[in-house]
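Written below as structure tokens is the structure these notes are about.
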Amino acid sequence: MVRETPTSLLVDGDGGLGYFPAHEGTRALITKAEAAGIAVLVTRNHGHFGAAGLYSRLTLGHDLLSFVTSGHQLELRPGDPVYAAAGGSPMSFSAPTAEEPPLVLDFGAMHDLYEESPRDLLAEIAPGLVHRSIGLGMVCQSWGGLLAGVPLDPDEARRRWSGANQGSMVIAMRIDLFADPGQFKKEMDAYARAVRTLTPIPGATKSYLPGGPEAAAEADYRANGIPVGQDHLQLLERAATELGVPVPWGGDST
């Protein structure tokens, strides 16, 4: 913990993976947001922090709304495509519900736009969509990168560990600043149910609030087990053999 006020927290990752400062920082942030109404966390000097939704989900049981993003070291050169300015672009928003699966929008703004062929086609048929994606990625980079001490020019970076080239931001706010949390969550439940009655987009079988498909998968996995591919089964069996631990599926996944 490098610096904190009643409504803010700056956490240094000490050159390690970003999961640890982001997770511990978010837990501390929740306490501050519950006390002050709203609070902001910035983490710095670490590597990959995983999916932004890992941290927005932590706030759901506390009647909080949240926003999460992250930025990493860019190396922009004249003539590079503008897509490069959007960075890795992870972003998540969350809102709790009472009974229905919570709203967890967890996405990469630039995913599907990293490869030249599909992005050129998308830019041709939906330029507004592509510009919005790039713009969202630039928010990720400025709020979760520049603000976290990741300089635009890599030559200006001062790092003990080269992989510690990322930062993140988490914002959390109490629902009761604006509305009764119980009533808000009832409205969210009604919203989720209404969305399920709508016609899905082409290629999809159902309509959900963001996070709905993941919630359905979680319920299935809890009831029937998590599907694991053959390669992973073999790796787990190899590790179990080395450690002398029996595997619950009996082994010999081949």
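Read-outs: derived from the displayed coordinates by stated rules, not from any lab. Treat the numbers as computed from the prediction; the structure is a model and nothing was measured. Backbone-built Cβ (ideal geometry, glycine too); neighbour counts: all protein chains shown.
With +1 on each Lys and Arg Cβ and -1 on each Asp and Glu Cβ, and nothing else charged, work out how big the dipole of the chain is about its Cα centre, in Debye to the nearest 20.
Approximately 500 debye in magnitude.
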Query raised in the report: What spacing in nm lies between the two simple spin-label points modelled at GLU156 and ALA84, each 7 Å away from Cα in the Cβ direction?
Result: 1.8
**Report entry** Selected from MET91, LEU76, THR241, residue furthest toward positive end of dipole (the chain; charges at beta carbon)
**Finding:** MET91
Query - Cβ-Cβ FRET estimate between ASP180 and SER8, R0 fixed at 22 Å, reported to 0.05 - result: 0.25
Report summary line: Volume per residue (Å³) of the convex hull spanned by the alpha carbons of the range 14-129 is 138
Requested in this report: Pick out which of LEU233, LEU60, LEU17 has the largest mean-square fluctuation in a Gaussian network model of the chain, springs linking Cα atoms closer than 10 Å.
Outcome: LEU233
Query raised in the report: In a shell of Cβ-Cβ distance under 9 Å around HIS46, excluding HIS46 itself, what net charge do Lys and Arg (+1) and Asp and Glu (-1) give?
Result: -1
Query raised in the report: Can you give the extra length, in nm with one decimal, that the chain gains between LEU121 and THR31 once fully stretched, where that is 0.36 nm per residue apart less the Cα-Cα distance?
Result: 27.8 nm
Query raised in the report: If each of ARG77 and GLU214 carries a label point 7 Å out from its Cα toward its Cβ, how far apart are those two points in nm?
Result: 3.6
Query raised in the report: How many nm is it between the label spots at THR205 and THR241, if each spot is 7 Å from the Cα in line with the beta carbon?
Result: 3.7
Report summary line: Over the chain, the sum of -39500 (n - 2.57) across DSSP H runs of at least four, divided by residue number and rounded to 500 deg cm²/dmol, gives at 222 nm -11500 deg cm²/dmol
Requested in this report: Enumerate the calculated ³J(HN,Hα) couplings along the range 150-165 in order (Karplus 6.51 cos²θ - 1.76 cosθ + 1.60, θ = phi - 60°), each rounded to whole Hz, writing x wherever the residue is Gly or Pro.
Outcome: 8, x, 5, 8, x, 5, 8, 5, 10, 10, 6, 10, 5, x, 7, 10
Requested in this report: At most 12 other Cβ atoms within 10 Å plus a DSSP loop assignment makes a site exposed; report the longest stretch of the chain without any exposed GluC sites (Glu not before Pro).
Outcome: 116-254
Query raised in the report: Can you list the chymotrypsin sites (Phe, Trp or Tyr not before Pro) in the range 10-66 that are in a DSSP coil and have 12 or fewer other beta carbons within 10 angstrom?
Result: none
Query - Exposed trypsin sites (Lys or Arg not before Pro) absent - longest run of the chain, DSSP non-H/G/I/E/B, at most 15 other C-beta within 10 Å - result: 1-157
Query - Two-decimal Rg to Rh for the range 3-210 - Kirkwood Rh, Cα set - result: 1.01
Requested in this report: Please find, in a Gaussian network model of the chain (springs between Cα atoms separated by less than 10 Å), the residue of PRO210, PRO151, PRO200 whose mean-square fluctuation is greatest.
Outcome: PRO200
